[in-house]
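Here's the structure, in structure tokens; my notes come after.
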Amino acid sequence: MKTTLNLHDELLAEAKAFAAGQRVSLTRLIEEGLRMRLRGAEIAPAVKRRAMPVSQGAGGMLPGLSGLSTRELMDAADDRAADAAGGDAA
């Protein structure tokens with residue numbers, strides 16, 4: 001089956017070079033990676049999802065957050081979790 005993937009240019013270049021070094025096609029490399037990841041998901045313990053306490057409700061972001069960066073939101077959630085635990089999350 002054919003499909004189209006949107007990959008970051010640097011990742012694609014690295015994958016092509018790796019596949020060439022292993023003397024396999026890029027398709028085979030991607031298939032192997034998917035199989036490994038799917039197999040790992042079957043045996044990996046479920047990850048506890050955590051709330052993202054970065055909003056004030058009704059769609060408003062906490063002061064200082066733009067909401068445009070996942071990293072920014074994750075850092076804010078970590079900071080709030082550390083504050084709630086009374087310690088440092090790092």
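The values are calculated or read from the model by the stated rules, or taken from the named source; none is laboratory data. Being a predicted model, the structure only gives us computed values, none of them experimental. Here the Cβ is made from the backbone with ideal geometry for all residues, glycine too, and neighbour counts use every protein chain on show.
Summary table
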read-out: Residue within the stretch 12-28 that is at pLDDT 90 or above, surrounded by fewer than 10 Cβ atoms within 10 Å (Cβ to Cβ) and among the hydroxyl-bearing types (S, T, Y) present; value: no
read-out: Close pairs (8 angstrom Cβ cut-off, 6 or more residues apart or separate chains): at pLDDT 70 or above in the stretch 29-47, assigned to a helix (DSSP H, G or I) and surrounded by 10 or more Cβ atoms within 10 Å (Cβ to Cβ) anywhere; value: L29/A15; L29/F18; L29/A19; L29/Q22; I30/A15
read-out: Every pair of residues 6+ apart whose Cβ atoms lie under 6 Å, when the first sits in the stretch 67-90 and is at pLDDT below 75 while the second is exposed (fewer than 10 other Cβ atoms within 10 Å of the Cβ) and of a type in the set (D, E, K, R); value: A82/D88
